[in-house]
Amino acid sequence: MASEWSAVFSPVLIPAILIALALLLWIVWDVLDKRCATYAAILQFPGPPVWPLIGTMYNTRGLDAAKTFEAFRYWTNLYGGSYRMWFNSRLFGINITQCELAEPFFSGGRNTDKSLLYRFLHPFVGVGLLNSAGSKWLQRRRILTPTFHFNILNGFHRAFCEETEKLAARIDTRGKGTTAVEVDLPAAMSQLTLNTICETSMGVKLDTLDGAVEYREGIYKAGEMLLNRAVRPWLYVDWTYRLFGYMRQFQRLLKPLHIFTSAIITQRRELFAQGKLNDLSTTEEPIDDDQYLYGGSSGAKKRYAMLDTLLAAEMRGLIDADGIREEVDTFTFEGHDTTGSALVFIFLTLSWEPAIQERLYQELHELHTERSTGDGHLSPNDLSSLKFFDRVVKECFRLWPPVAFISRQVTDEIVLPDGRSIPRGAIANLHIFDLHRDPQQFPDPDRFDPDRFLPEVAEKRNPYAYVPFSAGQRNCIGQKYALLEIKTVVAYLVLRYRVLPVTKRTEIRFIADLVLRASTPLKVRFEKRSVSEPHRSTTGSCTRSVLSY
């Protein structure tokens with residue numbers, strides 16, 4: 001008898017029985033889970049069929065970065081707009097592509113918390129202004145808001161000019177003896193914007209630091225790993241992410257990125273401790289705007305940096321060293337990568353739209369002739385006065401939003417005007433790329449048309465149809481900084497060069513990432529303008545010289 005029992009409960013059968021029991025319990029739980037009010041509410045939205053146990057997660061199998069981006073666009077078209085995804089009552093979401101559904105997240109003070117997807121960013125940028133919530137987010141916002149005062153931003157303008165001049169000098173050097181220079185836009189613009197964010201917001205010259213190239217490359221790899229986790233729900237739990245070896249790989253990837261930003265903090269902290277920076281340690285707010293731009297009574301110019309605000313707040317006990325690290329990591333990444341992406345697609349678009357580029361050049365040239373400063377640049381006030389330029393930039397942001405996707409956690413149930421509800425606990429993924437292409441708001445949405453932003457046209461649209469910098473309480477704190485930098489760079493280079501196409505629009509294959517990127521090369525040619533021929537044709541062949549970084 002004993003031998004018979006041991007045969008039945010052999011080491012081979014016991015695991016099989018346990019697995020079968022676990023599967024049975026999972027099936028029972030899945031059936032009961034689908035009887036809840038949450039499941040009934042989510043089924044009011046269109047979406048793929050919900051399979052037993054795995055819900056709609058089968059749709060994410062085999063997706064890489066490019067396939068994920070294409071899948072989002074495919075599902076939007078297939079379901080006629082916003083659609084739902086379901087795994088279980090603890091992990092489900094709505095992919096929002098229409099402003100009517102997005103409005104509750106942008107207006108008012110409810111449902112402003114970032115979703116659990118942002119938790120994957122914690123090892124990278126900590127829990128700073130980007131992904132914190134509640135009192136911590138409010139305190140950080142209050143600390144950092146003064147650093148984006150318009151007088152301070154105007155002081156940054158000189159740094160934007162200098163970095164643009166350096167880029168032009170590299171183009172001219174490579175262009176000797178040739179008609180035009182071919183430029184790898186992502187590398188060129190990322191280098192420019194990383195230089196400017198380090199100098200303006202961190203107060204550190206990039207040429208005094210090592211690791212800038214490794215930092216830019218590391219960000220791309222980090223984006224790939226974060227996407228890999230976001231589309232695989234079984235990796236949402238930290239222990240499974242660690243079990244498959246991804247956690248160690250991610251931490252190893254982040255190490256040089258954190259070394260780079262730590263060097264920035266160390267260098268600025270030393271200057272602060274030596275009293276070589278503006279003394280802001282005893283004041284909550286600036287007393288005089290000039291103090292931000294010109295440190296001390298000697299009149300010697302000292303550009304104010306965001307990091308100075310953080311160091312001063314540390315002196316007052318408002319933030320600790322870890323908090324400073326969080327914000328420096330956040331702003332070094334966000335402040336350069338998003339702006340760099342915007343510049344890439346603006347120059348690509350100008351290369352595809354020669355008539356638009358020529359009209360823009362004429363507007364810039366006319367104002368520059370009237371108010372020439374002798375260095376080829378227009379002042380911040382001049383840049384803000386150019387109406388057509390402003391519409392061109394906005395239309396580029398509409399078509400190519402640098403942050404194509406943001407995600408919120410539904411903490412309070414949302415009842416929509418049509419009677420449907422988004423239940424508490426849902427992840428709301430707001431696809432800005434698709435919001436900006438809603439044909440109800442933007443007819444013929446893929447056509448480039450700056451006149452969509454004429455005042456009389458824009459006022460007829462839903463105010464949340466165009467949100468390149470998000471909107472409401474959680475809007476981008478650095479949007480004025482980004483716009484000033486973008487307009488400074490574009491104005492100078494368009495006045496100096498014709499932008500000619502290399503990469504065709506149909507050749508681009510976008511990828512899902514932290515910012516809008518493509519897996520294909522993104523290149524244009526910069527052809528030096530002739531002062532004596534301001535109306536020269538933008539078409540025709542030219543000799544190429546490749547400029548890479």
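The values are calculated or read from the model by the stated rules, or taken from the named source; none is laboratory data. What you see is a predicted model, and the numbers here were worked out from it, not measured in a lab. For neighbour counting, all protein chains shown are included, and Cβ atoms are generated from backbone atoms with ideal geometry for every residue, glycine included. When the accessible area is computed, the model is the full protein with side chains, heavy atoms only, and any ligands, DNA or RNA have been set aside. Shrake-Rupley method; radii C 1.70, N 1.55, O 1.52, S 1.80 Å.
Things to note:
- Checking each residue in the range 313-324 for being of a type outside the set (Asp, Glu) and more than 17 Å from Trp137 (Cβ to Cβ) picks out Met315, Arg316, Gly317, Ala321.
- Across the range 351-361, the number of residues qualifying as in contact (Cβ under 8 Å) with a residue 40 or more places away in the chain, under 11 Å from Phe389 (Cβ atoms) and of a type outside the set (A, V, I, L, M) comes to 1.
- Just one of (1) open to solvent by less than 50 Å² (accessible area, probe 1.4 Å); (2) among the β-branched types (Val, Ile, Thr); (3) free of Cβ contacts under 8 Å to residues at least 12 places away in the same chain fails for Ile422. It is (3).
- Scan of the range 341-368 for residues that are in contact with a helix residue (DSSP H, G or I) (Cβ under 7 Å, 6 or more places away or on another chain), at pLDDT below 95 and more than 14 Å from Leu493 (Cα to Cα), ordered by number: Leu367
- Test result for Gly203, part of a helix (DSSP H, G or I) and either within 30 Å of Arg119 (Cα to Cα) or touching a helix residue (DSSP H, G or I) at 6+ places or on another chain (Cβ under 6 Å) (or both): no
- Of all residues in the range 425-473, those that are open to solvent by 10 Å² or more (accessible area, probe 1.4 Å), among the small types (Gly, Ala, Ser), touching a residue at least 60 places away in the same chain (Cβ under 8 Å) and more than 20 Å from Phe45 (Cα to Cα) total 3.
- Looking at Pro463, Pro501, Pro455, Pro423, just one residue is closer than 30 Å to Glu217 by Cβ and not aromatic (Phe, Trp, Tyr), and that residue is Pro501.
- Qualifying residue in the range 268-276 (condition: open to solvent by less than 30 Å² (accessible area, probe 1.4 Å) and either in contact with a Phe, Trp or Tyr (Cβ under 9 Å, 6 or more places away or on another chain) or assigned to a loop (DSSP other than H, G, I, E, B) (or both)): no
- Flag for Asp382 being assigned to a helix (DSSP H, G or I), among the acidic types (Asp, Glu) and in contact with a Lys or Arg (Cβ under 9 Å, 6 or more places away or on another chain): yes
- Residue among Ala482, Ala465 that alone is under 30 Å from Pro146 (Cα atoms), in a loop (DSSP other than H, G, I, E, B) and small (Gly, Ala, Ser): Ala465
- Every pair of residues 6+ apart whose Cβ atoms lie under 6 Å, when the first sits in the range 323-337 and is assigned to a helix (DSSP H, G or I) while the second is at pLDDT below 90 and among the aromatic types (Phe, Trp, Tyr): none
- All told, Leu138 falls short of being in contact with a Leu (Cβ under 8 Å, 6 or more places away or on another chain) and closer than 30 Å to Ala313 by Cβ.
- Taking the listed residues Phe272, Phe250, Phe244, Phe260, the one that is at pLDDT 75 or above and out of contact with any Leu (no Cβ under 8 Å at 6 or more places or on another chain) is Phe250, with no other qualifying.
- Lone qualifier among Glu395, Glu363 - being open to solvent by less than 30 Å² (accessible area, probe 1.4 Å), assigned to a helix (DSSP H, G or I) and not aromatic (Phe, Trp, Tyr): Glu395
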